[in-house]
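To start, the structure under review is shown below, and the notes come after it.
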Amino acid sequence: MAGKIDWRESFNLKHPSLKPLWVRILAVALCGGWAIAEIFIGSPFWSVLFGAAAAYMAYVFFISPDRAYFNSRDDKPEE
C-alpha cells in the first residue's frame, strides 16, 4: 500500500530540531515537570505516562550509545 506511514517513526527522536542541547534539556524537563504536576493534581496514570516519556527521552538523549548523533556537527549544506 503506497503512502503508508510507519507509526514507529513517531517515536524516533533523531530529528535535527532536537540537536541543540538546550532543546533536549527543555524537552526532558517539561515532561518530567508535567509528571510531577500530574502527581499533585491526582492523576497517577498521566503522571506515569509523562514520567516514562521523560525517562525515555533522557536515556536516548544523554545515556544511549546513539547519543553521539546529537553531538555531531553535520550542519553543512548539501552540494
Projected label distance in nm at F62 and I39, using a 7 Å step from Cα toward the beta-carbon = 1.7
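Using the C-alpha gyration tensor of the stretch 28-67, what are the square roots of 5 times its eigenvalues, in whole angstrom, with the largest one first? If you can, show how the numbers build up before the last one.
Numbers: eigenvalues 104, 14, 4 Å².
In descending order the semi-axes read 23, 8, 4 Å.
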Subtracting the Cα-Cα distance of I25 and S10 from 0.36 nm times their residue separation yields 3.4 nm
Report, in degrees rounded to the nearest 10, the 0 to 90 angle that the Cα long axis of helix 21-41 makes with the longest principal axis of the chain.
-> 20
Before rounding to the nearest 500, sum -39500 (n - 2.57) across all DSSP H runs of length at least 4 in the chain and divide by the residue total; then give [θ] at 222 nm in deg cm²/dmol.
-> -16000 deg cm²/dmol
Ordered by fewest other Cβ atoms within 10 Å, a rough proxy for footprinting exposure, E9, E38 read E9, E38
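Would you mind computing the Rg to Rh ratio of the chain from its alpha-carbon coordinates, Kirkwood style for Rh? Before the final figure, lay out the partial values.
Details: Rg = 15.6 Å, Rh = 14.4 Å.
My calculation puts Rg/Rh at 1.09.
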Taking Cα atoms, how many degrees apart are the long axis of helix 44-58 and the longest axis of the chain, rounded to 10 and kept between 0 and 90?
-> 30
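Please give the charge dipole size of the chain, origin at the Cα centre, charges +1 on K and R Cβ atoms and -1 on D and E Cβ atoms. Round to the nearest 20 debye.
Details: 8 positive and 8 negative charges, 25 e Å.
Dipole size: approximately 120 debye.
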Least to most buried among K19, K14, K4 (fewest other Cβ within 10 Å first) | K4, K14, K19
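Read-outs throughout are calculated quantities, based only on the coordinates presented, and are distinct from any laboratory measurement. Computed from a prediction, not measured in an experiment: that's the story for all the values here. Heads up, the Cβs are rebuilt from the backbone with ideal geometry, glycines too, and the neighbour counts pull from every protein chain shown.
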